[in-house]
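Novice: Before I ask anything, here is the structure I am working with.
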Amino acid sequence: MNMATNTAETIGDNHQTVGTPFVDNAKLSMRNVNVFYGEKQAIFDVGMDIGTNEVMAMIGPSGCGKSTFLRCLNRMNDTIEGCRVEGDLNLEGEDIYGAKLDVVPLRARVGIVFQKPNPFPKSIYDNIAYGPRIHGLVSKRTELDEIVETSLQKAGLWNEVKDRLDAPGTGLSGGQQQRLCIARTIAVSPEVILMDEPCSALDPIATAKIEELIAELSENYTIAIVTHSMQQAARVSNRTAYFHLGKLIEVNETEKVFTNPDHQLTEAYITGRFG
Amino acid sequence: MNLTTLLLTLVALSAAIFYTSRRRSLSKAKALGGQHHLNSLPLYYGMMACLWCALPAISVLVIWSIFDGVIIERIIVQSLPNSSELTSSELGLLINSIQNYAANPGSLTEVSDPAIIQAAERLVDLNRVNAMARALLVLIFGVIFGAIAWTRVSPELRARQFVEKVFQSLLLLSSFVAVLVTVGIVFSVLFESLRFFSVIPVTDFVFGTHWSPQTAIHDGQVGGSGSFGAVPLFAGTLLISAIAMLVAVPTGLMSAIYLSEYADRRVRAIVKPMLEVLAGIPTVVYGFFAALTVAPTIRSFLEGVGFENVSSESALAAGGVMGIMIIPFVSSLSDDVINAVPNSLRDGSYGLGATKSETIKKVVIPAALPGIVGGILLAVSRAIGETMIVVMAAGLAANLTANPLESVTTVTVQIVTLLVGDQEFDSPKTLAAFALGLVLFLVTLTLNFIALHVVKKYREQYE
Amino acid sequence: MNSNKPSTIDLVNRNLQKRYRAEKRFQIFGIASIGFGLLCLLVLFTDIVSKGAGAFTSHYIQLTVNLDPDDLDITDITDESQLALADYQGVVRKALRDKFPDVKKRGDRRKLYGLVSNSAGFRLQEILKNDPEKLGEQLTLWVLADDDIDTYAKSKNDAEPFTGRLNDKQIGWVNTLLDSGEMQSRFNRVLFTSGDSREPEMAGIRGALLGSLYTLLVTLVLSFPIGVAAAVYLEEYAPKNKFTDFIEVNINNLAAVPSIIYGLLGLAIFINFFGMPRSIPLVGGLVLTLMTLPTIIISSRAAIKSVPPSIRQAALGLGASKMQVILHHVLPLAMPGMLTGAIIGMAQALGETAPLLMIGMVAFIVDIPQSIMDPATVLPVQIYLWSDSPERAFTERTSGAIIVLLAFLILMNTIAVLLRRRLERRW
């Protein structure tokens, strides 16, 4: 049976996500999430958990909604006109889309790294210091210096830039810029880091460095990473979620997804029959 | 033959040559067996001949028209009995009355001098001869060149290429007008300024603190050279521009920020054009508003709260109204540069948990700063060069003061004052206006140049 | 890590209130800025309209005039010099005396004569010139009231009526006339039918309007073709080299040169060097052409740029020459954009004052210009001239002229906007 050709049949409106979408020690838990861009629906009834200090990879063909879903987790979709999110999204029991919730502290807790490195046109130091400064995390310059140093060290950039902290962040190479952006995110000490295809604009060496970094960070942070490199998902994540046309098809241990997936669509995707 | 008839005749002639040449190309083609034997479409043969006819004729006409007035005037002057004894201004007056009499012999003004009447009659004669000679020469040129073109019509002639060459040259010529204008500006202000500086030393002009050109009217008066220290004018210009920028920059910038970052699309669609109406209002209207409404209001208000000696032509009124005029200018330039800041930077900031105003103040504005500065420089250059508001609402007294409640004067006000009305072109008073014009041109040119360069570099950065 | 240090989220929450207050302040500042801009616009328009609305009406007084040949001192109606020198004022004065027979004292009578504008005499002269038969007849006609009277009558119902130079007797007469209906407010035709005048009630903007029209015609005829041609050259032909860059920098800089500099240019080149006459629309148009040219070139270039290259390639692929591509495809497609630019340039030229002062279009000109070679003034300059006059009636007329000017500008800009909407193409 060629399932790839007739997806509408294989994932009907009342499909069930297969595998193990839910865990006990959930940091983020999402139920019945629907996302609309104006009239168009982009995410259909997605439910899953992301466990504490877990690395969750989200994969799927282009336009499957994985990035949209990721951006729901710290309400980055608020900045897009006409975007509407329905369903229950919780961060340790707090409703992310609740009326009481304030996005400013939410985003301090759930940081995000974007596809294209976007350092501010400021010095390296000021890039890192930006978050702590706006949130008022430090009162003394020495404390700030310390945060900048530890963040850069955690991002593995310290040795490369420690002599030129006053140089503009935009002058770094692509991979360095992306690690700068990660360091900038870490500087606020978030609990969760969202990464939206963080390596897609980078060369293989820079990619390898970022992947190492993710592995190190996973000890202290909960990480959700969207990628379209299946190898990357396999290398960095504990669990993997497969999205298809806005629906969550399967969530499983990464090893299981890449060796023996439960759903035919997942299998079709990882074996390269479409993508 | 007057100019209109001549031009109409020339048009008719060109049309005739167009038509006959087109016919000729067709008939030649027919002899060969059809239109496809022609190098170009018949239309182009007609156009080619037409251009050959019209262009030389028009060139002759233009050259003739530039020189005929001067030549005729010289002939008339030489025929006057005592022309060599007159000064140039007296001569000008004399020529004027001759021309008036010639144009209107039965006019009410009584001309008694027989020399003038004689000269005027001669002038009428010369004008008639001149018009006839001009018409004759122009039409002969047209006919000869048109005829040459007509005889050259042949299937091998590359008529289309010729027409396109002429077309392209005309386009090039048009774009060259911009350069000519710049050259014209530079030379016209530079020459007169040099004449001015040959009388008044440059240092006196640039560093002098006393401005009273009026004394220079009386020719030959002892010490009647007036004083031309332009510092009070520069100071006044700066004071008024500074007030204008104090009004325009915060308001314009904040309006642009609010409209592009906060306001929703419908509000923006209504408010933005409404603010831009402010930019479309003629400056003379602002001048009227400043002089008749704002200045008295400010004056009575300030006197009401205890200030004394508030001038009715205060720098505050002129500068404030000028600021209002510049608001939309600042806001639309800032709007452009703010929109050029890539959204990824905003996302980066929001992603770290920054509020909207923090993102704007600490990411968007710093990123857009070069562009904003460029826009502000353009606005400053505009404020410095603005004329009507200050002419109507600021004063003439060249006070050297930093008090916005006093009356000051500006460079543009003085240019207008010195040049409006009858002037003699040799007096330092008139030439001073050109020296001020030179300063104004150089300053605004520098500002514009820097601003455009900065903005261009900024644009390229985010493209 | 450090357990006695407050956690990040606590620190964030601690500062939150302050940050949101800053956010609110920032937004309020933004709204206030926009509000200030809009308020200025509103105040400006209200001020002009409230000052100028009165200019469109004028008070007229009904007089019964006896065109008696003896009073007029006309013996032969066909004699033009007699007609020109006849004592029309005397007849008008007599009519006024008949209206108020009680006024006997010399001084009072002089005041009484002041009720009616000097134009009444010219009116009578005109009537006799057109219809000599009227000599000897008795006519009832409405003549213009003097400007002081008009101003008073218009402000009569205000809290503080403007009496100006009028004395109590005159005010009494005016009130009598108003009550009896012999003085009425009517549409001010003079404003649109006559040229400038020293007497406010006789001053109109027709001369200035026609001057503006001629000046703009010259500007349009010259600047549009030259501007479009230059734009076509720069976009379609110009090689990418230093010289082209130079032209481009030039054009951009010229667009920002203060307009008064163009006035100096016009004065030095057209008037001094070429010896053209002062005050004529031709020179005004030339100066404004140079001034608007950069605007037109820049907008035309944008319009040409927006024509997609695929259309050029399609035509070139069919064997069309470059000129044909431009004339048949590029220009027609870019025309709406170029016309919009031209209209905006013309609107700019219509409102321009300063450079025209330099070339003498600021003279006091009563005659209505008949061609581009007649001395003329333009509407903005007329506004400038009138705004200097102390009479209140002139202030009113200045505002009236501003209303007319703004109406034309709004009309032109509306056309430009509509044109852009109607003909805008999306590729």
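The numbers here are math on the coordinates, done by the rules we state, and not lab data. Owing to the predicted nature of the structure, the values given are computational and were not obtained by experimental measurement. Cβ coordinates were reconstructed from backbone atoms using ideal geometry, including for glycine residues, and neighbour counts include every protein chain displayed.
Novice: State the Cα centre-to-centre distance between the stretch C:318-371 and the stretch A:22-76 in whole Å.
Specialist: The two parts, judged by their Cα centres, are 58 Å apart.
Novice: Tell me the trypsin sites (Lys or Arg not before Pro) within the stretch A:239-275 that lie in a loop according to DSSP and have at most 16 other beta-carbon atoms within 10 Å.
Specialist: Sparse-neighbourhood loop trypsin sites (Lys or Arg not before Pro): A:Arg273.
Novice: Then there is this: With contacts defined as alpha carbon pairs under 8 Å and 6 or more residues apart, what's the relative contact order of the stretch B:3-157 in percent? Intermediate values should be presented prior to the final figure.
Specialist: On the way: 134 pairs, mean separation 64.2, N = 155.
Relative contact order comes out at 41 percent.
Novice: Mind pulling up the Rg/Rh value for chain B? Radius of gyration and Kirkwood radius, both on Cα.
Specialist: Over the Cα atoms of chain B, Rg/Rh equals 1.11.
Novice: Suppose R0 equals 25 Å. What FRET efficiency, 1/(1 + (r/R0)^6) with r the Cβ-Cβ distance, do C:Val221 and B:Ala279 give to the nearest 0.05? Please list the in-between numbers first.
Specialist: Details: r = 26 Å, r/R0 = 1.05.
Efficiency for this residue pair is about 0.45.
Novice: Tell me, what is the FRET efficiency for C:Ser155 and A:Glu255 to the nearest 0.05, using R0 = 56 angstrom and their Cβ-Cβ distance as r? Please list the in-between numbers first.
Specialist: Numbers: r = 94 Å, r/R0 = 1.67.
Efficiency at R0 = 56 Å is approximately 0.05.
Novice: With each run of n ≥ 4 DSSP H residues scored as -39500 (n - 2.57), what mean residue ellipticity at 222 nm is computed for chain A after dividing by its residue count and rounding to the nearest 500 deg cm²/dmol?
Specialist: On the way: 11 runs with 95 residues, N = 275.
The helix contribution divided over chain A gives -9500 deg cm²/dmol.
Novice: Please order B:Leu345, B:Leu7 by the number of other Cβ within 10 Å, starting at the fewest. Don't skip to the answer; put the middle values down first.
Specialist: Working: B:Leu345 20, B:Leu7 14.
Sorted ascending by nearby Cβ count, the order is B:Leu7, B:Leu345.
Novice: With angles folded into 0 to 90 degrees, how steeply does helix C:8-52 sit against the dominant principal axis of chain C? Use alpha carbons for both and round to 10.
Specialist: Between helix and principal axis, roughly 30 degrees.
Novice: Stretch C:Asp388-C:Phe192 to full length: gain in nm at 0.36 nm per residue minus the Cα-Cα span? Before the final figure, lay out each step's value.
Specialist: Details: separation 196, 0.36 × 196 = 70.56 nm, distance 2.06 nm.
That works out to 68.5 nm of additional length.
Novice: Largest first and to the nearest Å, give the Cα extent of the stretch B:310-463 along each principal axis.
Specialist: 68, 36, 21
Novice: May I pose another question? Name the residues whose placed amide hydrogens come within less than 5 Å of the amide hydrogen of A:Ser123, ignoring near sequence neighbours (fewer than 5 apart) on the same chain.
Specialist: Those lying under 5 Å, H to H, from A:Ser123 are A:Gly169.
Novice: Once amide H atoms are built 1.01 Å from N in the peptide plane, which residues 5 or more positions from C:Ala145, or in another chain, come under 5 Å H to H?
Specialist: Under 5 Å from the amide H of C:Ala145: C:His59, C:Tyr60, C:Ile61, C:Ser117.
Novice: For the stretch C:54-188, how big is the tail of P(r) above 26 Å, as a whole percent of Cα pairs?
Specialist: Working: 2387 of 9045 pairs.
Percent of Cα pairs beyond 26 Å in the stretch C:54-188: 26.
Novice: 222 nm [θ] for chain B, helices only, -39500 (n - 2.57) per DSSP H run of 4+, per residue, to 500? Don't skip to the answer; put the middle values down first.
Specialist: Values: 17 runs with 339 residues, N = 463.
Mean residue ellipticity at 222 nm (helix-derived): -25000 deg cm²/dmol.
Novice: Quick one: longest stretch of chain A between exposed loop GluC sites (Glu not before Pro), exposed meaning at most 13 other C-beta atoms within 10 Å and loop per DSSP?
Specialist: Working: sites that count: A:Glu39, A:Glu81, A:Glu92, A:Glu219.
The segment A:93-218 is the longest one with no such site.
Novice: Please list 3J(HN,Hα) in residue order for the stretch B:298-303, calculated via the Karplus relation 6.51 cos²θ - 1.76 cosθ + 1.60 where θ = phi - 60°; whole Hz, with x for glycine and proline.
Specialist: After applying 6.51 cos²θ - 1.76 cosθ + 1.60, I find 4, 4, 5, 5, 5, 5 Hz.
Novice: On to the next question. Could you give the dipole magnitude of chain C about its Cα centre, charging the beta-carbon of Lys and Arg +1 and that of Asp and Glu -1, in debye to the nearest 20? Show your work: numbers first, answer last.
Specialist: On the way: 43 positive and 41 negative charges, 605 e Å.
Result for chain C is approximately 2900 debye, rounded to the nearest 20.
Novice: Same structure, new question: In whole percent, what relative contact order does chain A give with Cα contacts below 8 Å and a gap of six or more residues?
Specialist: Dividing the mean separation by the residue count of chain A yields 29 percent.
Novice: Considering only DSSP beta bridges with both partners in the protein assembly as shown, what is the antiparallel share in %, to the nearest 5? All intermediate terms of the calculation are to be shown ahead of the outcome.
Specialist: Working: 41 of 60 bridges.
Expressed as a percentage, antiparallel bridges in the protein assembly as shown total about 70.
Novice: Looking at the stretch B:34-73 from every direction and averaging, what is the projected area of its Cα convex hull in nm²? Before the final figure, lay out each step's value.
Specialist: Details: hull surface 12.2 nm².
Mean shadow area of the hull around the Cα atoms is 3.1 nm².
Novice: Please work out the Kirkwood hydrodynamic radius for the protein assembly as shown, using every pair of different C-alpha atoms, and report it in angstroms with one decimal place. Write down the numbers at each step before the final one.
Specialist: Values: mean 1/r = 0.0274 Å⁻¹.
That comes to 36.6 Å for the protein assembly as shown.
Novice: Could you run the Karplus curve 6.51 cos²θ - 1.76 cosθ + 1.60 with θ = phi - 60° over the stretch A:88-104 and give me ³J(HN,Hα) per residue in whole Hz, x for Gly and Pro?
Specialist: Calculated HN-Hα couplings, in order: 9, 10, 10, 10, 6, x, 8, 6, 5, 9, x, 5, 7, 6, 9, 5, 4 Hz.
Novice: Also: Just need the relative contact order of the stretch B:127-264 here, percent rounded to a whole number, with Cα pairs under 8 Å and 6+ apart. Walk me through the numbers on the way to the answer.
Specialist: Details: 51 pairs, mean separation 18.2, N = 138.
Relative contact order for the stretch B:127-264 comes out at 13 percent.
Novice: Would you please give the residues with an amide H less than 5 Å from that of A:Ile225, counting only those at least 5 places away or on a separate chain, with H modeled from the backbone geometry?
Specialist: For A:Ile225, whose amide H was placed from the backbone, the distant partners under 5 Å are A:Met56, A:Ala57, A:Met58, A:Met195.
Novice: Quote the FRET efficiency, to the nearest 0.05, computed for C:Met335 versus B:Thr20 with a Förster distance R0 of 30 Å and r equal to the Cβ-Cβ distance. Display every interim value, and only then the final one.
Specialist: On the way: r = 32 Å, r/R0 = 1.08.
According to the calculation, E is roughly 0.40.
Novice: So how tilted is helix B:114-152 from the main axis of chain B? Cα-based, degrees 0 to 90, rounded to 10.
Specialist: The angle comes out near 70 degrees.
Novice: For the stretch B:250-267, just list the computed ³J(HN,Hα) in residue order, Karplus coefficients 6.51, -1.76 and 1.60, θ = phi - 60°, integers in Hz, with x standing in for Gly and Pro.
Specialist: x, 5, x, 5, 5, 4, 4, 4, 5, 5, 8, 9, 10, 4, 7, 4, 5, 4
Novice: Once you treat every alpha carbon in the stretch B:183-309 as an equal point and sum by Debye, what is log10 I(q)/I(0) at q = 0.18 Å⁻¹?
Specialist: Log10 I(q)/I(0), no solvent term: -1.13.
Novice: Kirkwood hydrodynamic radius for chain A: how many Å is it when counted over pairs of different Cα atoms? Intermediate values should be presented prior to the final figure.
Specialist: Details: mean 1/r = 0.0518 Å⁻¹.
Hydrodynamic radius (Kirkwood, Cα only) of chain A equals 19.3 Å.
Novice: Here's a follow-up. Per residue and in Å³, how big is the convex hull formed by the alpha-carbon atoms of chain C? List each step's numbers first, then the result.
Specialist: On the way: hull volume 122.3 nm³, N = 427.
Hull volume over Cα atoms, normalised by residue count, gives 286 Å³.
Novice: Could you list C:Arg19, C:Arg421, A:Arg107, C:Arg278 so that the one with the fewest beta carbons within 10 Å of its beta carbon is first and the one with the most is last?
Specialist: Ascending number of Cβ neighbours within 10 Å: C:Arg421, C:Arg278, C:Arg19, A:Arg107.
Novice: Further question on the same structure: Restricting attention to the stretch A:42-105, which trypsin sites (Lys or Arg not before Pro) occupy a DSSP loop and are surrounded by at most 15 other Cβ atoms within 10 Å?
Specialist: Values: sites: A:Lys66, A:Arg71, A:Arg75, A:Arg84, A:Lys100; in loops: A:Arg75, A:Lys100.
Loop-located and lightly packed - A:Lys100.
Novice: What is the distance in Å between the Cα centres of the stretch C:77-94 and the stretch C:1-65?
Specialist: 62 Å
Novice: Using a 7 Å offset from the Cα along the Cα-to-Cβ direction at both C:Thr75 and C:Phe56, what is the distance between the two label points in nm, to one decimal?
Specialist: Between C:Thr75 and C:Phe56, the simple spin-label model gives 5.2 nm.
Novice: What list do you get for C:Cys40, A:Cys83, A:Cys64, B:Cys53 if you sort them by fewest beta carbons within 10 Å? Display every interim value, and only then the final one.
Specialist: Values: C:Cys40 22, A:Cys83 18, A:Cys64 25, B:Cys53 28.
Starting with the residue having the fewest Cβ neighbours, the order is A:Cys83, C:Cys40, A:Cys64, B:Cys53.
Novice: Same structure again: So what is the 222 nm mean residue ellipticity for chain C from helices alone, if each DSSP H run of at least 4 adds -39500 (n - 2.57) and you divide by all residues, rounding to the nearest 500 deg cm²/dmol?
Specialist: -20000 deg cm²/dmol
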